[in-house]
Amino acid sequence: MPITSGFNHVATLTTDMDLTVGFYEQVFDAKVTHVIERTDDHPYMKIVDVGGGAMLNVFEVPAEEIIGERRRQGGRGAVDHFAFAVTDRSTLEEIAERMRKAGAQEVGEIQVLGGVECSLFFRDPDGMELEVCCPANAS
């Protein structure tokens, strides 16, 4: 059994805090739990609760500070993507519809991976490719 209890947070960068955080609020019912205003030593940041004890730490930075190409695997930096978990396929289908309504870029089709997991890839408002997964046998 692992010694950890899962992920605490994933940090991500954006050039438009309202657009990015608004997307996660609209699609995933995420909630902002803390705001850190910009200082000389720290960028503007929001901590966003995405459920299950996991958080997104969203930093607003100028475009020139975002290194890499978000459209090419291996070019997106050390963290290539992250995946949200949902309990079942009907929730995954609801999330796909919410994404389309929220203006997500390139919402893919739900795929079954290895017969054990359903997967849906999408791009958030910043163009970062992400994923939502559920067990394939969960109805």
_I need a count of the residues in the stretch 82-113 that are of a type outside the set (Val, Ile, Thr), within 26 Å of Val58 (Cβ to Cβ) and in contact (Cβ under 8 Å) with a residue 24 or more places away in the chain._
12
*Determine, yes or no, whether Met45 is more than 24 Å from Arg100 (Cα to Cα) and not small (Gly, Ala, Ser).*
yes
*Can you spot a residue in the stretch 24-32 that is touching a residue at least 12 places away in the same chain (Cβ under 8 Å), under 16 Å from Ala83 (Cβ atoms) and among the hydroxyl-bearing types (Ser, Thr, Tyr)?*
yes
*Going through the stretch 114-131 one residue at a time, which ones are within 22 Å of Val79 (Cβ to Cβ) and either assigned to a loop (DSSP other than H, G, I, E, B) or free of Cβ contacts under 8 Å to residues at least 12 places away in the same chain (or both)?*
Asp124, Pro125, Asp126, Gly127, Met128
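All of the numbers you see were taken from the coordinates with simple rules; none came from a lab. This one's a predicted model, so the numbers in the text were calculated from it and none came from an experiment. Ideal geometry is used to build each Cβ from the backbone, glycine not excepted, and the neighbour counts take in all protein chains shown.
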